[in-house]
Each structure stands twice: as structure tokens, then as C-alpha cells.
Amino acid sequence: MPRKPVSLGWGVRREGRTLWSRNSTRGKSVGGERRKRDGKIEWRRWDPFRSKVAAALLMTSQKASELLPGPGDTCLYLGASSGTTVSHIHDMVCGSNNHHNGQIIAVEISPRMMRDLSSLAEDRSGLIPILNDARETQSYAPVMREKAHWIHQDLSIADQAENFISIATSTLKNGGIGLLSLKAASERQFEGDDQSRFSRAEKLIEESELELIEKIDISQYQEQHMVFFVRLL
Ligand SMILES: C[S@@+](CC[C@H](N)C(=O)[O-])C[C@H]1O[C@@H](n2cnc3c(N)ncnc32)[C@H](O)[C@@H]1O
């Protein structure tokens, strides 16, 4: 028997351990994911093994909808890659032909990834790809129509927490939500095991203007990763 869907906000639903977003480009998948119809609406499967945001939605002990932006929000996505997760965020924030009037600034440093991201954006109005180093906020802050309601950082670089704190405090609105997907293996410059690297990031966040709401262990889906769910005070 199929599970009854539970809404996690506009355009996203959960069925047991499976997540779906409401496809804003009907008839098209982004990375070969499954699609299915329910009446006139088409849903795309959101894979927690390919998306840290999806993994965090399944592993949080908070209300999952609180981790997500809403329709019409302004969002900043750092480390967009070819746009797998960005596309699902677009489904809920913009919808087809951006009828919600959302904005997603998606920053990516790799020209190879940017080619795919730019072609994704052709079909998805409201999605703005920027080829740049995400640490250089001056390269994308002027493109943002306002401070962000929601940001996600997924950069496999050193000093992920320091960078996140600096970027989030300057680009989020007060009360805005931030997700930091932290990869322990990228913090090799610090002694110790994965847990001590996560604890170091936690301490830095607690000393900042960000309120740490939850540390979400997503290692079941993404090895050596923790998602820090924060709010700007
Ligand atoms: C793990 S992948 C992101 C996956 C993506 N968030 C998703 O869920 O579909 C990390 C991406 O960050 C990009 N990246 C690494 N350092 C960066 C930087 N300093 N600025 C912008 N992008 C960067 C990499 O090129 C890579 O595409």
C-alpha cells in the first residue's frame, strides 16, 4: 500500500522515507530521477543520497518544513554544482514560470558545472547562476534583490564554518534560516577525528550571531557529513 503523502510546505512532500518536489518543468527530470503524476501535478523524486538538504529533511528531529524556504523567498545557494538540489529548491520557491516570484542565487566555482547549471536555469525562471568563488560575497550580493530568507552552503573547502558564519551574517535577513553541510574530510588542517571537527564548527557557530537550532547527522546518506541548522538572530 502506498504511504499517504505528508506536506512539508508548498511543493514538497514526504511519503515514508521518500521525498518528492512538485516539478516546475513538467515532463523533464534533472538527473534521471523518477517522476510521477498525481492528478494534474507531476512530482520529482528528491534523493537523499544525492542531496544533503533532502537527507537533513529525513534526519531532523525538528519539524522538517522549518528547514525549507517558502514560495516567493529569496535564497542563496553556495556550491550549486550542476543543480541537483537547486532544482528542488526552485520547484518550491519559484514554481513553474516563477509564478511565486522567488529568487535563487546559485554560486558555483567550476566552469564545467556552471555549463549544466546555466542550461538548467534556461528552463527555470528565478534561478540565477553565478560563476564565482562563494567566499567573495561582493560578486553576488549586488544581484540579490534583498537579503536572503534562506541559505545553504555545500562547499568542500577548508574553514567551512568560518566562511559560513561570515557569509550568513552578512547576507541573511534577521530571522533567516541557514543550512551548513559540513564535510569533516575537508577540514584536514585540524587535528582529531570527525566528531572533534564537528564540535569545533559547533563552538564557532555558538560564538557567532547565529543561533544553532540543530546539528543533523546525515552520515546515513552522506558519509562524514553533518548539517548545521541555524537562524540569524
Ligand atoms: C558537493 S558539491 C555540491 C552539490 C550540490 N550542493 C547538490 O546538492 O546538488 C560542491 C560544489 O562546490 C563547488 N565549490 C567548491 N569550492 C567552491 C567555492 N569556493 N565557491 C563556489 N563553489 C565551490 C564545487 O565545484 C562543487 O560543485
Checklist entry - Where in the chain lies the longest segment free of chymotrypsin sites (Phe, Trp or Tyr not before Pro) that are both loop residues by DSSP (not H, G, I, E, B) and have at most 15 other Cβ atoms within 10 Å? => result 50-189
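When Lys and Arg each count +1 and Asp and Glu each count -1, what net charge do the other residues less than 9 Å away from GLU33, Cβ to Cβ, add up to? Each step should come with its number before you reach the end.
Values: positive: ARG34, ARG35, ARG44, ARG45, ARG50; negative: ASP47.
With Lys, Arg at +1 and Asp, Glu at -1, the neighbours total +4.
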Checklist outcome for this item: Relative contact order of the chain (C-alpha contacts under 8 Å, at least 6 apart) in percent is 17 percent
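Using helices alone, I'd like the mean residue ellipticity at 222 nm for the chain: each DSSP H run of four-plus residues gives -39500 (n - 2.57), total over residue count, nearest 500.
-7500 deg cm²/dmol
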Next on the checklist: What does the net charge come to around ILE157 if you take all other residues with beta carbon closer than 14 Å to its beta carbon, with K and R at +1 and D and E at -1?
Outcome noted: -3
Checklist entry - Relative contact order for the stretch 29-157 using alpha-carbon pairs under 8 Å, separation at least 6, rounded to a whole percent? => result 25 percent
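Just add up the charged neighbours of ARG145: K/R +1, D/E -1, any other residue whose Cβ is under 14 Å from the Cβ of ARG145.
Details: positive: LYS147, LYS173; negative: ASP73, GLU146.
So the surrounding residues net to 0.
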Next on the checklist: Can you compute the modelled spin-label distance between ILE41 and GLU209, with each label point 7 Å from Cα toward Cβ, in nm?
Outcome noted: 3.7 nm
Item to check | Residues of type aspartates and glutamates that LYS147 reaches as a straight line, Cα spacing below 12 Å, ignoring anything fewer than 8 places off in the same chain | outcome: ASP73
Checklist entry - Which loop-located trypsin sites (Lys or Arg not before Pro) does the stretch 25-77 contain, where loop means any DSSP state but H, G, I, E or B and the Cβ has at most 11 other Cβ atoms within 10 Å? => result ARG34, LYS40, LYS63
Item to check | Sparse-neighbourhood loop sites, GluC sites (Glu not before Pro) in the stretch 175-228 - DSSP loop, at most 12 other Cβ within 10 angstrom | outcome: GLU191, GLU207, GLU223
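We did not get these values from a lab; they are worked out from the coordinates using the rules stated. Nothing here was measured: the structure is a model prediction, and the numbers come from that model. In this analysis, Cβ positions are derived from the backbone assuming ideal geometry, glycine residues included, and neighbour counts consider all displayed protein chains.
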